[in-house]
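Rule-based calculations on the coordinates, nothing more; no lab input. This is a predicted model, so every value here is computed, not measured. Every residue, glycine among them, receives a Cβ derived from its backbone with ideal geometry; neighbour counts consider all protein chains shown.
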């Protein structure tokens with residue numbers, strides 16, 4: 001019996017959300033008094049033995065570059081086989097793009113119950129109950145899994161990565177990889193930018209910025225903070241910013257440590273996408289903007305004056321540290 | 001060419017979220033029910049667009065729910081679609097639901113199954129992948145664009161930090177999100193036509209329930225906003241650094 005954690009990689013690098021999943025899975029293993037192991041698919045340039053620092057003793061790898069693109073069908077088959085081979089009873093994913101594609105499919109294959117979007121360790125005192133976010137972050141549900149094997153996908157940015165000591169061994173998994181029925185013809189990645197769902201800090205703009213030509217002040221602040229950038233729905237709809245930056249109920253849902261909303265009124269649909277952020281800062285010239293009710297810090301003022309001053313203040317503060 | 005579109009009923013996005021019966025049930029009082037936006041705006045509308053281009057396309061809708069979900073499925077039929085199937089069950093377990101849809105899918109011989117990327121109440125993102133597994137079909141999740149030429153689909157999907165374009169032959173299961181299509185409003189002709197479109201009710205097949213909701217919780221209330229004066233911006237930087245410790 002063990003806990004198996006799916007380690008997601010992109011361009012040969014282990015994703016930050018997977019490090020969270022490893023820490024989380026290792027903590028479940030500790031709770032159950034069993035071993036924690038990982039599985040990675042495809043070719044990886046990172047040193048996988050170093051993942052031992054996050055609490056796993058072994059990494060199973062199917063070292064085949066045909067797996068560098070996510071094909072849910074192939075992934076599910078291989079991961080399910082690895083679960084059977086390793087005798088794992090709990091399988092952990094990050095609830096990121098790959099997890100959303102694969103976790104439920106593996107669960108169905110194994111006939112295992114799944115909690116997707118988990119946000120806390122399971123309660124194993126009476127059964128196996130996992131807390132997850134529901135209603136787009138407006139509430140939580142405690143879900144009991146009844147099956148022998150349990151699958152959990154963990155919300156990104158909801159479990160703190162802990163780095164300790166340890167080295168993992170690498171075990172090559174000899175599993176036959178079927179030909180993929182999905183032919184990837186193009187990849188458009190915004191290189192160098194922090195992926196929105198993994199970012200610690202997100203700076204976001206709304207209609208209050210009046211037009212795409214005014215985004216410079218926001219980008220300067222984001223650059224100073226090493227933050228990802230986002231926008232509200234009207235901004236995405238008006239094509240002031242690319243569609244993938246839209247956060248909200250029908251856009252991307254994020255949970256950074258710090259969310260800075262500039263010129264966003266804070267409609268309930270927008271809040272649904274960002275209310276899991278740990279600290280929310282709202283800058284808006286309208287003191288009645290509903291977003292202030294959901295914020296931790298706020299400035300009622302003109303974004304065009306406040307934002308450059310904030311960038312300068314942060315720059316100055318960093319210089320003095 | 002047959003498309004199956006999965007439809008679920010969710011509370012309106014502006015609904016107040018509250019619970020009753022010792023936090024074990026969602027409080028439905030005063031809640032307006034809508035078609036899950038991802039199912040409606042993206043997957044259903046895209047299926048309708050495909051039918052508008054090619055009259056040989058037929059669209060069937062499926063929902064898992066009790067009789068009170070019929071207004072929602074009629075509303076979906078008012079947008080488009082030829083007929084609907086309701087599997088009579090109030091289950092909330094993803095595996096049970098996916099098993100029902102997969103059963104209908106196998107019987108109906110669909111070329112394409114559309115789901116929304118998730119429902120806005122349960123946020124599971126599970127059904128599409130499970131249907132694909134249970135019908136042994138390829139699965140493309142988080143699609144932002146869907147084109148079809150003959151029996152080959154060209155799909156843009158969201159991946160970590162960007163997008164990927166892929167070609168896949170039918171049959172296929174796709175979960176749709178923003179970008180796949182634009183929201184439409186049903187017209188009077190559609191609403192009238194929906195009244196007489198076939199809505200078949202079937203009983204669920206036997207399937208295991210692998211999970212159940214034990215209770216709900218609301219997040220702790222925020223302490224309230226700490227306002228900083230607009231002429232003292234550096235104080236905000238200091239608070240974020242020293243008090244909130246986030247920068």
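Values as computed for the structure displayed
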{"read-out": "Value of [θ]222 nm, deg cm²/dmol, for chain B, DSSP H segments ≥ 4, -39500 (n - 2.57) each, nearest 500", "value": "-7000 deg cm²/dmol"}
{"read-out": "DSSP beta bridges in the stretch B:134-235 [antiparallel fraction, %, rounded to 5]", "value": "80 percent"}
{"read-out": "Residue of B:193, B:143, B:237 that the Gaussian network model of chain B assigns the largest fluctuation, springs spanning Cα pairs under 10 Å", "value": "B:237"}
{"read-out": "0 to 90° range, to nearest 10: angle between helix A:16-32 axis and chain A longest Cα axis", "value": "50 degrees"}
{"read-out": "Angle between chain B longest axis and helix B:94-108 axis [Cα atoms, degrees, rounded to 10]", "value": "20 degrees"}
{"read-out": "Inter-chain Cβ neighbour average for residues A:118-124, partner chain, 10 Å", "value": "0"}
{"read-out": "Base-10 log of normalised Debye intensity for the protein assembly as shown (one unit scatterer per alpha-carbon) at q = 0.05, 0.08, 0.09, 0.10 Å⁻¹", "value": "-0.20, -0.53, -0.68, -0.84"}
{"read-out": "DSSP beta bridges in the protein assembly as shown [antiparallel fraction, %, rounded to 5]", "value": "35 percent"}
{"read-out": "Theoretical ellipticity at 222 nm over chain A - DSSP helices of four or more residues, -39500 (n - 2.57) apiece, nearest 500", "value": "-8500 deg cm²/dmol"}
{"read-out": "12 Å cut-off, amide nitrogen to a point 7 angstrom out along residue A:169 Cα→Cβ, residues in the stretch A:43-86", "value": "A:57-60"}
{"read-out": "Shape call, the stretch A:196-320: gyration tensor on alpha carbons, a/c limit 1.5", "value": "rounded"}
{"read-out": "Among B:70, B:163, B:83: highest mean-square fluctuation, GNM of chain B, C-alpha pairs under 10 Å", "value": "B:163"}
{"read-out": "Helix A:303-320 axis, angle to chain A major axis (alpha carbon atoms, nearest 10°)", "value": "60 degrees"}
{"read-out": "Three-way shape label, chain B, alpha-carbon gyration tensor, a/c 1.5", "value": "prolate"}
{"read-out": "Residue with peak Gaussian network fluctuation, chain B [Cα springs, cutoff 10 Å], from B:165, B:225, B:45", "value": "B:225"}
{"read-out": "Average other protein chain Cβ within 10 Å of Cβ, residues A:94-107", "value": "6"}
{"read-out": "Shielding by partners, peptide A:249-261 (average Cβ within 10 angstrom, other chains)", "value": "3"}
{"read-out": "Gyration tensor verdict on the stretch A:64-215 (Cα atoms; rounded if a/c is under 1.5, prolate if a/b is larger than b/c, oblate otherwise)", "value": "oblate"}
{"read-out": "Proxy reagent accessibility, fewest Cβ within 10 Å first, across A:215, B:41", "value": "A:215, B:41"}
